[in-house]
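Okay, structure first, notes after.
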Amino acid sequence: STTQQSPTAAGSGANASENFKASAERRGVADTPPERVAAIVTAVLKGVHGAIQEYDVTYPEFQAAKAWLMAVGEGGEWPLFMDVFVEHAVEEQVAASQHGTKGSIEGPYYLADQVRLESTCRLPRRDDEPGTALVLEGQVRGLDGTPLGGAEVDIWQADADGYYSGFAPHLPEGNLRGVVVTDAEGRFSISTVQPAPYQIPTDGPTGRLIEAAGWHPWRPAHLHIMVRADGHRTITTQLYFAGGEWLDSDVAEATKPELVIDPQDDGTGTRRATYDFELEPA
Ligand code: MBD
Ligand code: FE
């Protein structure tokens, strides 16, 4: 058996930063006019100045904050920090004008261009992949109920130890990641394993902040899913598990009641859940 090496914060942070920089084309570039930049940055700084006044912040605290911000950059943890503490607020703004299946945050661990899989498939996994077998099946439809054949269900998840391939050196590339193409009726059936809750690395600056504040570093177990179909608005979301630990106290505040599934044992030790995705016109 192999020695399990858990990823260091610096290792996964560096990978997440590199991946983020390399994916600018997919995300697009903001074209924010100067007045809007000024208004937003003024509001942010006003919040900072207000906190300094409210708490009578001292010079040692100000310098500690500077040192911490530098460490976040040096450790490559800006993608992690931003997605854990800020992204949910942006997603909630977008959600106000989005119909169909609810979205959730993308987080720092999406990788584009993973293996394409048939509608009934098994995600790439190790021969000795640990964890309970899990099958997610369902249908992709338009808002009007039209089945969307040839849609892409792009799925990525942590393994049963809570680690993501591409961000943990002991995991093979592409593990528990894949782009599942729906059949003519828009259906898919994906065989995978139950993910574990995700813990923010405790050995990096984000983890140290969480500890210093007395918060907990956990996200509930989740599957990440991006659903794409021609002529439709892409949806980025996550599915959570009924009764799962941290479901009501996600450090990233990214859970929604509509995104909780409740897989049931099918009698063979495999847990199965159905979830349908509804996409609005682009
Ligand atoms: C994750 O797995 C995640 O989904 C988010 C949003 C932030 C950090 C780790
Ligand atoms: Fe995640």
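The values are calculated or read from the model by the stated rules, or taken from the named source; none is laboratory data. Everything numeric in this text was worked out from a predicted model, so none of it was measured. FYI the Cβ positions are ideal-geometry reconstructions off the backbone, even for glycines, and counts take in every protein chain you see.
Overview of values
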| read-out | value |
| --- | --- |
| Some residue of region 153-164 being assigned to a loop (DSSP other than H, G, I, E, B), under 26 Å from GLU25 (Cα atoms) and at pLDDT 95 or above | yes |
| Residue in region 33-47 that is of a type outside the set (A, V, I, L, M, F, W, C), exposed (fewer than 11 other Cβ atoms within 10 Å of the Cβ) and not in a helix (DSSP H, G or I) present | yes |
| GLY145 vs. criteria more than 16 Å from ligand 2 (Cβ to nearest atom) and part of a loop (DSSP other than H, G, I, E, B) | yes |
| Subset of region 207-250 [within 14 Å of ligand 2 (Cβ to nearest atom) and among the hydroxyl-bearing types (Ser, Thr, Tyr)] | THR236, THR237, TYR240 |
| Tally of residues being crowded, with 21+ Cβ neighbours inside 10 Å and near ligand 1 (Cβ under 10 Å from one of its atoms) across region 197-219 | 5 |
| One residue from GLY150, GLY186, GLY214 being without any contact (Cβ under 8 Å) to a residue 24 or more places away in the chain and either touching a Ser or Thr at 6+ places or on another chain (Cβ under 9 Å) or more than 30 Å from LYS21 (Cα to Cα) (or both) | GLY214 |
| Subset of region 48-82 [more than 16 Å from ligand 1 (Cβ to nearest atom) and not in a helix (DSSP H, G or I)] | TYR55, ASP56, VAL57, THR58 |
| Test: residue in region 170-178 that is touching a helix residue (DSSP H, G or I) at 6+ places or on another chain (Cβ under 9 Å) and more than 16 Å from ligand 1 (Cβ to nearest atom) | no |
| Test: residue in region 83-92 that is more than 16 Å from ligand 1 (Cβ to nearest atom) and out of contact with any strand residue (DSSP E or B) (no Cβ under 6 Å at 6 or more places or on another chain) | no |
| Filter result for GLU137 (in a strand (DSSP E or B), surrounded by fewer than 21 Cβ atoms within 10 Å (Cβ to Cβ), acidic (Asp, Glu) and away from ligand 1 (no atom under 16 Å from the Cβ)) | yes |
| Filtered residues of region 238-282 (kept if aliphatic (A, V, I, L, M), closer than 22 Å to GLU106 by Cβ and exposed (fewer than 15 other Cβ atoms within 10 Å of the Cβ)) | ALA282 |
| Residue count, region 1-32 (criterion: in a helix (DSSP H, G or I) and either surrounded by fewer than 10 Cβ atoms within 10 Å (Cβ to Cβ) or not acidic (Asp, Glu) (or both)) | 17 |
| Residues within region 122-134 that are part of a strand (DSSP E or B) and surrounded by fewer than 19 Cβ atoms within 10 Å (Cβ to Cβ), tallied | 2 |
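Here's the yes/no breakdown for (1) more than 16 Å from ligand 1 (Cβ to nearest atom); (2) touching a Leu at 6+ places or on another chain (Cβ under 7 Å); (3) part of a strand (DSSP E or B); (4) not small (Gly, Ala, Ser):
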{"residue": "PHE188", "(1), (2), (3), (4)": "yes, no, yes, yes"}
{"residue": "PRO195", "(1), (2), (3), (4)": "no, yes, no, yes"}
{"residue": "TYR240", "(1), (2), (3), (4)": "no, yes, yes, yes"}
{"residue": "GLY243", "(1), (2), (3), (4)": "yes, no, no, no"}
{"residue": "SER249", "(1), (2), (3), (4)": "no, no, no, no"}
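Let's see how each residue does on (1) within 16 Å of ligand 2 (Cβ to nearest atom); (2) touching a Gly at 6+ places or on another chain (Cβ under 7 Å); (3) not hydrophobic (A, V, I, L, M, F, W, C):
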| residue | (1), (2), (3) |
| --- | --- |
| PRO79 | yes, no, yes |
| VAL84 | yes, no, no |
| GLY100 | no, no, yes |
| ILE105 | yes, no, no |
| GLN114 | yes, yes, yes |
| SER119 | no, no, yes |
| LEU136 | yes, no, no |
